[in-house]
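These notes are about the structure you will find just below.
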Amino acid sequence: MAYHFQIIEDCLKCAFREQNLFCDLPREALIRLQQVKATSVYPKGALLCLEGQAPRGIFILCTGRAKLSTTSSEGKSMILRVAEPGEVLGLTAAVANSPYEATVETLEPSQANFIAQADFVRFLQEFPDVGMKVAKQLTHNCKCAYDEIRSLGLSNSVPEKLAKLILRWAEHPLELSTKKANETALRVTLTQEEIAQFIGTSRETVSRVLTGFRKKGFIRVKGATWTITNRRALENLVTT
């Protein structure tokens with residue numbers, strides 16, 4: 001055990017393999033994957049990819065979460081999305097042989113399998129059917145980008161943007177025995193500064209809007225656990 005989770009070194013024995021898009025591969029492909037991957041555990045804040053860096057390879061996120069962010073020439077940062085277990089990071093750069101389009105940083109202690117670019121390209125050539133998995137992952141990445149652009153471009157206010165973000169996180173709720181039947185619990189490890197980067201505003205504005213949400217009884221916050229107590233109120237803020 002490390003960081004309170006079990007390290008999964010053998011993909012064939014992974015209990016979550018069938019739940020993850022890229023990991024649910026034929027046995028022959030998994031055996032080959034075992035031969036070319038390197039398993040590592042990373043602490044919170046570890047940088048897996050750097051925006052603009054030449055592609056070294058891909059990372060398959062096994063446990064934990066990671067944020068993908070981009071930075072302007074003026075130094076302004078924006079979080080593009082948060083990657084969940086089972087996602088392949090650095091995929092576009094590895095396939096296109098282009099620089100990484102985003103910086104990838106772990107949000108919590110995480111395990112990831114690394115495959116060097118040359119090995120990954122040979123893996124795809126050896127198992128052409130895996131190409132469909134790659135296409136589905138790239139489609140997922142594209143959809144996330146569209147959703148983010150739509151959220152930022154069509155939302156009229158910061159409360160609406162923040163409500164949309166919270167409702168999106170609610171798609172992956174926590175199972176807590178202490179919550180009421182009509183409540184939804186979430187695990188939020190992003191700081192207010194990171195949330196601000198996610199929705200294109202300032203930390204101070206996020207703090208003010210969150211305070212308003214709590215006072216109105218929309219949400220309850222206790223550390224990294226957020227509980228939606230009035231989902232309808234959040235949904236009413238979303239107009240697009």
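Dividing the mean sequence gap of close Cα pairs (under 8 Å, 6+ apart) by how many residues the chain holds gives a relative contact order of 18 percent. If you sort the three axes of the alpha carbon gyration tensor as a ≥ b ≥ c, you get a/c of 1.5 or more for the range 1-123 and a/b no higher than b/c, which makes it oblate. Once the other residues with Cβ under 15 Å from the Cβ of CYS144 are scored (Lys, Arg +1; Asp, Glu -1), what is the net sum? Taking every Cβ under 15 Å from that of CYS144, the sum is +2.
Relative to the Cα centre, the charge distribution of the chain, modelled as +1 at Lys and Arg Cβ and -1 at Asp and Glu Cβ, gives a dipole magnitude of about 960 debye. Annotation: amide H-H contacts under 5 Å for ALA66 (H modelled 1.01 Å from N, sequence separation of 5 or more, or interchain): ALA83, LEU107. Summing +1 for each Lys or Arg and -1 for each Asp or Glu among the other residues whose beta-carbon sits under 13 angstrom from that of PRO55 gives -2. Whole-Hz Karplus values for the range 77-88 come out as 9, 9, 7, 7, 5, 10, 7, 10, x, x, 7, 9 Hz, taken residue by residue from phi with 6.51 cos²θ - 1.76 cosθ + 1.60 and θ = phi - 60°; glycine and proline positions read x. Here are several values of semi-axes √(5λ) of the Cα gyration tensor in Å: [x] 29, 23, 15; [y] 32, 30, 16; [z] 34, 21, 16. Which one was derived from the coordinates shown? The value matching this structure is [z].
Across the range 103-240, Cα pairs under 8 Å and at least six residues apart give a relative contact order of 24 percent.
Net charge in the neighbourhood of HIS172 (other residues with Cβ under 12 Å of its Cβ; Lys, Arg +1, Asp, Glu -1) is 0. Dividing the summed helix terms, -39500 (n - 2.57) for each DSSP H run of n ≥ 4, by the number of residues in the chain produces a 222 nm estimate of -11500 deg cm²/dmol to the nearest 500. Out of the range 1-107, which GluC sites (Glu not before Pro) are coil in DSSP terms and have no more than 11 other C-beta atoms within 10 Å? Here the GluC sites (Glu not before Pro) that fit, given the DSSP loop and packing criteria, are GLU74. Compared with the dominant principal axis of the Cα atoms in the chain, helix 158-169 is inclined by about 50°. Angle of helix 203-215 to the longest C-alpha principal axis of the chain, folded into 0 to 90 degrees and rounded to 10: 60°. Here the contact order of the range 63-183, divided by its residue count and restricted to Cα pairs under 8 Å and six or more residues apart, works out to 23 percent. For the chain, the solvent-accessible area with a 1.4 angstrom probe is 53 square angstrom per residue. Please list, by residue number, everything in the range 89-112 whose backbone N is under 15 Å from a paramagnetic label point 7 Å out along Cα→Cβ of ASP147. Hits in the range 89-112 for ASP147 at 15 Å: none.
When each of the peptides 188-201, 114-127, 56-69 is scored by how many other beta carbons lie within 10 Å of its residues on average, the order from highest to lowest is 56-69, 188-201, 114-127.
Applying a DSSP loop filter and a limit of 16 other Cβ atoms within 10 Å to the trypsin sites (Lys or Arg not before Pro) in the range 150-235 leaves LYS180, LYS216. Distance from a point 7 Å along Cα→Cβ of SER72 to each backbone N in the range 115-151: keep the residues under 19 Å and list them by number. Counting backbone N atoms under 19 Å from the label point, the list is 148-151. Between the helical axis of 117-126 and the longest alpha-carbon principal axis of the chain there is an angle of about 70 degrees. Which of rounded, prolate, oblate describes the range 59-125, given a ≥ b ≥ c as roots of the alpha-carbon gyration tensor eigenvalues and a/c under 1.5 marking rounded, otherwise prolate only if a/b is larger than b/c? Oblate shape, in that a/c is at least 1.5 and b/c is the bigger or equal ratio. Between rounded, prolate and oblate, where does the range 133-228 land on the alpha carbon gyration tensor, with a ≥ b ≥ c its root eigenvalues, rounded for a/c under 1.5, else prolate if a/b exceeds b/c? The shape class here is oblate.
The values are calculated or read from the model by the stated rules, or taken from the named source; none is laboratory data. Every value quoted in this text rests on a predicted model; they were computed, and no experiment measured them. Methodologically, a virtual Cβ is constructed for each residue, glycine included, from the backbone with ideal geometry; neighbour enumeration extends over all protein chains shown. In case anyone asks, the SASA skips ligands and DNA or RNA and just uses the protein heavy atoms, side chains included. Shrake-Rupley method; radii C 1.70, N 1.55, O 1.52, S 1.80 Å.
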